[in-house]
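Engineer: Next up is a structure, given as structure tokens.
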2 protein chains.
Amino acid sequence: MELSTQGLPLSQRAMRANISPISWLLSKALEHPNMISLAAGFVDGGGLPSGPIARICAELLADGGRSMAALNYGTTAGSPLLRELLAEQLRKEGLSSAKPEDLIISNGGQQSLFTLTDATVDPGDIVLVEDPTYFVYLDVLRAAGARVIGVTTDEYGLVPEALEERLEELHQSGERHRLRLIYLMSYYTNPKGVNLPWERRKRIDEIVRAELERGDSFLVVEDAAYRELRLEGPDEPFLKSLDPENERIIVVGTFSKAFAPGLRLGWCMGPPWVLDRMARLKGNQDFGSSNFSQAIMAHAMQEGSSVDAAENFRSRYRSKRDALVNAMREFWPPEAQIIEPHGGLYAWASLPGIDTDPESEFFNRLFEKEVLYVPGKYCFCEETQGPRPKDSMRLSYGVASEELLREGARRMGEVIADMMP
Amino acid sequence: MELSTQGLPLSQRAMRANISPISWLLSKALEHPNMISLAAGFVDGGGLPSGPIARICAELLADGGRSMAALNYGTTAGSPLLRELLAEQLRKEGLSSAKPEDLIISNGGQQSLFTLTDATVDPGDIVLVEDPTYFVYLDVLRAAGARVIGVTTDEYGLVPEALEERLEELHQSGERHRLRLIYLMSYYTNPKGVNLPWERRKRIDEIVRAELERGDSFLVVEDAAYRELRLEGPDEPFLKSLDPENERIIVVGTFSKAFAPGLRLGWCMGPPWVLDRMARLKGNQDFGSSNFSQAIMAHAMQEGSSVDAAENFRSRYRSKRDALVNAMREFWPPEAQIIEPHGGLYAWASLPGIDTDPESEFFNRLFEKEVLYVPGKYCFCEETQGPRPKDSMRLSYGVASEELLREGARRMGEVIADMMP
């Protein structure tokens with residue numbers, strides 16, 4: 001419900017801020033407790049590391065000095081210990097130049113994305129996003145007043161040639177100087193579940209280098225939220241590993257997907273000039289994420305329980321991914337196009353000839369059968385490259401049990417078979 | 001150190017964002033480990049409720065369902081249980097209409113202030129602040145591009161007649177329509193340590209009501225951060241209690257000062273039209289504060305340990321306040337004007353004839369004696385009503401021990417006596 005805001009002292013940003021369409025979906029799910037929700041991208045509650053966190057809290061709070069530090073204020077950019085441990089881990093993972101001072105700890109990866117956007121984007125500035133993309137970030141960009149332009153993806157992620165084409169268009173239209181960010185996910189994307197191959201990473205970085213030589217400065221945003229949820233396949237290095245000078249790529253990560261979202265911690269690593277401004281803005285926002293959460297996370301990294309928790313999640317998601325994908329293969333007509341994910345939380349499907357939009361016949365028939373999905377529509381930006389496909393959807397295997405994933409896919413299959421031309 | 005930002009893709013807000021002057025002070029303190037810092041407004045580490053939080057964590061994490069909920073994602077506006085408990089407490093404290101849906105849980109009170117500002121203030125909009133005021137909020141307003149206009153305070157807080165005068169000036173200059181917020185602290189202000197008397201609260205609300213009848217809409221921001229730290233004197237109702245219609249005042253509170261800043265939790269309660277937009281913007285920022293912190297805080301409120309922690313802090317601060325104020329009385333010349341605080345964390349002093357600005361002779365001589373204070377300058381806004389006093393300073397008794405508070409005041413007394421005309 002929209003409240004009338006006429007005559008009220010609201011900012012331009014507030015007037016642009018959407019109620020996220022996903023809220024509408026989630027409220028639908030809450031109203032129907034028997035609904036099989038394949039929509040929410042939450043994590044599997046059964047995989048959360050309650051035991052290790054209980055032990056860590058007990059140890060931490062029994063130690064006077066560490067307890068006092070954890071429960072008091074911290075520093076805006078984040079716990080020095082956590083940043084040291086994270087930098088060490090990132091160096092091992094191929095970001096050889098990672099230093100604690102190049103890192104900011106944020107409230108989930110989300111706050112890094114928000115603060116980065118606030119630090120770089122004025123209304124009318126241009127952001128290129130892989131399309132479809134993480135729809136919550138689309139909301140951030142809309143509220144910021146950005147002009148969001150989509151770059152086509154295929155079953156391997158962002159298409160390098162499509163990026164070149166978009167950049168060329170910006171030169172042609174004289175708008176290239178408004179480009180601020182190129183946003184993409186490098187691991188098991190939300191919503192498509194695809195992992196950007198190493199060759200593409202290199203190609204994209206080449207395009208970016210050449211473009212930076214040619215025109216005004218901009219940043220590449222590598223959202224690596226699902227990196228730790230690799231279920232099989234190649235362990236690609238970060239896109240950021242191609243930027244050892246730390247000058248053109250900012251990588252955003254999270255502790256939510258592979259440890260515990262309730263701690264509300266994420267991070268980013270990027271060039272000093274943007275980190276410096278982001279830290280100032282975070283100083284305005286909250287002068288630091290929960291120091292207690294950060295102390296827990298640092299302790300978990302020191303003792304290795306973060307590694308165990310990630311392995312546990314991977315094992316659970318592997319079974320759940322299999323349950324969902326096998327049921328899709330079993331119950332869906334062969335015309336349905338399914339991208340089988342090798343990591344992350346999502347499977348993407350296209351149903352030739354079926355409109356999957358919210359309030360479509362397909363959506364409503366599934367809603368009656370108590371199955372919920374995220375319509376592809378929510379994931380595409382306004383300026384798609386070519387017409388927006390209307391036949392796609394995102395399915396998540398994060399929350400539902402294997403049994404319900406199978407049952408949800410079975411019910412979907414009935415409606416698809418009935419409706420497919 | 002300022003990095004060159006020429007040609008870089010930074011937003012207007014990022015370019016306006018300051019490095020807070022207090023960072024400079026705090027880094028000075030860190031470089032000199034023997035420094036007696038009366039500058040930092042941190043809380044007394046010895047008063048932090050480690051024991052209760054350890055017990056709460058153990059109970060919470062041993063309970064499968066609650067543990068899973070606490071460690072997973074929550075809702076953007078905050079834990080329903082915590083908001084229910086807080087609304088109940090606020091109703092008992094005189095906000096008879098407080099409902100959970102009128103509350104947002106934020107990362108400290110700071111994020112409520114930031115988000116409120118982001119939701120209401122565009123560059124060039126006007127914010128009236130009591131002067132001197134909370135300097136971190138001045139940074140938020142500057143980054144937002146607000147025009148910040150000061151309203152004089154005396155030893156009882158914001159002067160109602162000064163507010164009337166400022167409003168009249170805005171009418172005269174034709175700028176009244178740009179007014180968005182009037183910001184004040186109602187309890188033991190930062191930096192002056194004064195508690196706004198009930199008569200003044202009523203008078204201010206009358207002025208606000210009359211002004212809203214006369215012109216465009218704006219909001220009053222009641223920052224009640226130090227409410228729980230009442231050491232003695234009258235227990236004034238919230239300014240917000242004069243707004244049972246919940247239409248013109250937003251009150252901001254925190255769990256940092258009387259429980260544990262490390263949990264990084266605060267809250268606000270205000271009119272639905274602004275809360276609605278703030279929730280959307282918080283959705284962009286981080287879609288919810290730490291769910292684990294919120295579960296701990298709710299548990300603490302249910303079992304009453306939050307009440308005990310607040311009482312413990314009050315008792316400690318009472319002794320520390322006495323130690324500081326008694327030493328000021330003992331060692332300082334009688335010409336020094338001291339506002340003796342009845343709550344909060346700060347004492348404000350004016351030293352007739354002595355310039356207390358950063359890098360002044362007084363500042364430097366005290367720095368050599370290893371005593372640090374917050375120069376009054378940092379707390380005044382650009383547009384003061386009348387000339388800015390240059391002889392004031394803020395002293396905090398939050399962190400230093402009673403012994404060091406006394407020693408700091410003694411060394412100050414030496415320099416004051418030596419320099420006072």
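Residues are listed down the side, and each one gets a yes or a no for (1) closer than 26 Å to B:P375 by Cβ; (2) more than 14 Å from chain A (Cβ to nearest Cβ):
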| residue | (1), (2) |
| --- | --- |
| B:L179 | no, no |
| B:S186 | yes, yes |
| B:D205 | no, yes |
| B:L219 | no, no |
| B:P237 | no, yes |
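Engineer: If you don't mind, another one. Take A:G7 and decide whether it is farther than 30 Å from B:L48 by Cβ, facing chain B (nearest Cβ under 8 Å) and not in a helix (DSSP H, G or I).
Structural biologist: Here the answer is yes, as A:G7 does meet what is asked.
Engineer: Pairs only if they're at least six apart or on different chains, beta carbon under 8 angstrom, first in the range B:60-79 and touching a residue at least 12 places away in the same chain (Cβ under 8 Å), second of a type in the set (K, R) and surrounded by fewer than 22 Cβ atoms within 10 Å (Cβ to Cβ); list them, first residue then second.
Structural biologist: Matching pairs, first to second residue: B:L60/B:R66.
Engineer: While we're looking at this one, here's another question. Filter the range B:382-413 down to the residues that are part of a helix (DSSP H, G or I) and buried (at least 16 other Cβ atoms within 10 Å of the Cβ) and list them by number.
Structural biologist: Hits for the range B:382-413 are B:E402, B:L404, B:L405, B:R406, B:E407, B:G408, B:A409, B:R410, B:R411, B:M412, B:G413.
The rows are residues; the columns are (1) free of Cβ contacts under 8 Å to residues at least 60 places away in the same chain; (2) part of a helix (DSSP H, G or I); (3) outside the structural domain of A:R142 (by TED's automatic domain parsing); (4) out of contact with any helix residue (DSSP H, G or I) (no Cβ under 9 Å at 6 or more places or on another chain).
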residue	(1), (2), (3), (4)
A:Y317	no, yes, yes, no
A:L324	no, yes, yes, no
A:P333	no, no, yes, no
A:A347	no, no, yes, no
A:D355	yes, no, yes, no
A:L366	yes, yes, yes, no
A:Y378	no, yes, yes, no
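Engineer: Please go through the range A:36-94 and give me each residue that is among the aliphatic types (A, V, I, L, M) and assigned to a strand (DSSP E or B), ordered by number.
Structural biologist: First, the residues of the range A:36-94 that are among the aliphatic types (A, V, I, L, M): A:36, A:38-40, A:43, A:48, A:53-54, A:56, A:58, A:60-62, A:68-71, A:77, A:81-82, A:85-87, A:90.
Residue satisfying the conditions is A:I36 alone.
Engineer: Something else about it: In the range A:225-242, which residue that is buried (at least 23 other Cβ atoms within 10 Å of the Cβ) and outside any helix (DSSP H, G or I) is farthest from the chain's Cα centre (by Cα)?
Structural biologist: A:Y226
Engineer: Among the numbered conditions (1) among the aromatic types (F, W, Y); (2) in contact with a Pro (Cβ under 6 Å, 6 or more places away or on another chain); (3) surrounded by fewer than 17 Cβ atoms within 10 Å (Cβ to Cβ), tell me where B:F367 comes up short.
Structural biologist: If we test B:F367 against (1) among the aromatic types (F, W, Y); (2) in contact with a Pro (Cβ under 6 Å, 6 or more places away or on another chain); (3) surrounded by fewer than 17 Cβ atoms within 10 Å (Cβ to Cβ), just (2) comes out false.
Engineer: Right, here's the next one. Where residues in the range B:16-27 are without any contact (Cβ under 8 Å) to a residue 40 or more places away in the chain, surrounded by 14 or more Cβ atoms within 10 Å (Cβ to Cβ) and more than 7 Å from chain A (Cβ to nearest Cβ), which of them is farthest from A:A146 (Cα to Cα)?
Structural biologist: Looking at the filtered set, the residue picked out is B:L26.
Engineer: Right, something else. What are the pairs with Cβ atoms under 6 angstrom where one residue, in the range A:90-117, is at negative phi and surrounded by 21 or more Cβ atoms within 10 Å (Cβ to Cβ) and the other, located anywhere, is charged (D, E, K, R) and not in a strand (DSSP E or B)? Sequence gap at least six, or different chains.
Structural biologist: A:L95/A:K240; A:A98/A:R91; A:L103/A:R83; A:N107/A:R264; A:N107/B:D286; A:Q110/B:D286; A:Q111/B:D286; A:T115/A:K282
Engineer: For the range A:120-132, indicate whether the set of residues that are surrounded by fewer than 24 Cβ atoms within 10 Å (Cβ to Cβ), closer than 16 Å to A:V220 by Cα, more than 9 Å from chain B (Cβ to nearest Cβ) and touching an Asp or Glu at 6+ places or on another chain (Cβ under 7 Å) is non-empty.
Structural biologist: yes
Engineer: Checking the conditions here, which among B:E370, B:E407, B:E402 is in contact with a Ser or Thr (Cβ under 8 Å, 6 or more places away or on another chain) and either at pLDDT 95 or above or in the same structural domain as B:F331 (by TED's automatic domain parsing) (or both)? Explain how you work it out, then say what you get.
Structural biologist: Values: B:E370 fails: in contact with a Ser or Thr (Cβ under 8 Å, 6 or more places away or on another chain); B:E407 fails: in contact with a Ser or Thr (Cβ under 8 Å, 6 or more places away or on another chain).
Criteria check complete, one pass: B:E402.
Engineer: Can you pull out the residues in the range B:262-284 that are assigned to a helix (DSSP H, G or I), in contact (Cβ under 8 Å) with a residue 24 or more places away in the chain and farther than 15 Å from A:L263 by Cα?
Structural biologist: Selection gives B:P272, B:V274, B:L275, B:R277, B:M278, B:A279, B:L281, B:K282, B:G283.
Engineer: Here is a further query. Among the listed residues B:L61, B:L30, B:L71, which satisfies the condition of being more than 9 Å from chain A (Cβ to nearest Cβ) and either buried (at least 19 other Cβ atoms within 10 Å of the Cβ) or over 29 Å from B:E311 (Cβ atoms) (or both)?
Structural biologist: B:L30
Engineer: Being assigned to a strand (DSSP E or B) and surrounded by 22 or more Cβ atoms within 10 Å (Cβ to Cβ) is the filter here; which residues of the range B:152-195 pass it?
Structural biologist: B:T153, B:G157, B:L158, B:L179, B:R180, B:L181, B:I182, B:Y183, B:L184, B:M185
Engineer: With the structure loaded, tell me whether B:T254 is away from chain A (no Cβ under 14 Å), out of contact with any Leu (no Cβ under 7 Å at 6 or more places or on another chain) and among the β-branched types (V, I, T) or whether it fails that test. Steps first, please.
Structural biologist: Details: away from chain A (no Cβ under 14 Å): no; out of contact with any Leu (no Cβ under 7 Å at 6 or more places or on another chain): yes; among the β-branched types (V, I, T): yes.
It is false that B:T254 is away from chain A (no Cβ under 14 Å), out of contact with any Leu (no Cβ under 7 Å at 6 or more places or on another chain) and among the β-branched types (V, I, T).
Engineer: I'm told A:F287 meets every condition in (1) within 9 Å of chain B (Cβ to nearest Cβ); (2) free of Cβ contacts under 8 Å to residues at least 40 places away in the same chain; (3) in a loop (DSSP other than H, G, I, E, B) except one. Can you identify the failing condition by its number?
Structural biologist: In the conditions (1) within 9 Å of chain B (Cβ to nearest Cβ); (2) free of Cβ contacts under 8 Å to residues at least 40 places away in the same chain; (3) in a loop (DSSP other than H, G, I, E, B), A:F287 misses (2) alone.
Engineer: Conditions first: (1) in a loop (DSSP other than H, G, I, E, B); (2) within 9 Å of chain B (Cβ to nearest Cβ); (3) surrounded by fewer than 24 Cβ atoms within 10 Å (Cβ to Cβ). A:E247 passes all but one, so which condition is the exception?
Structural biologist: All conditions pass for A:E247, except number (2).
Engineer: Any residue that is surrounded by fewer than 15 Cβ atoms within 10 Å (Cβ to Cβ), out of contact with any strand residue (DSSP E or B) (no Cβ under 6 Å at 6 or more places or on another chain), more than 7 Å from every other protein chain (Cβ to nearest Cβ) and touching a residue at least 60 places away in the same chain (Cβ under 8 Å) - is there at least one of those in the range A:38-55?
Structural biologist: Yes; the residues of the range A:38-55 include at least one that is surrounded by fewer than 15 Cβ atoms within 10 Å (Cβ to Cβ), out of contact with any strand residue (DSSP E or B) (no Cβ under 6 Å at 6 or more places or on another chain), more than 7 Å from every other protein chain (Cβ to nearest Cβ) and touching a residue at least 60 places away in the same chain (Cβ under 8 Å).
Engineer: Which ones in the range B:143-161 are closer than 30 Å to B:G283 by Cβ and out of contact with any strand residue (DSSP E or B) (no Cβ under 7 Å at 6 or more places or on another chain)?
Structural biologist: To start, the set of residues in the range B:143-161 that are closer than 30 Å to B:G283 by Cβ comprises B:143-148.
Those that are closer than 30 Å to B:G283 by Cβ and out of contact with any strand residue (DSSP E or B) (no Cβ under 7 Å at 6 or more places or on another chain): B:A143, B:A144, B:G145.
The values are calculated or read from the model by the stated rules, or taken from the named source; none is laboratory data. Computed from a prediction, not measured in an experiment: that's the story for all the values here. Using ideal geometry, Cβ is built from the backbone for each residue, glycine included, and neighbour counts are taken over all protein chains shown.
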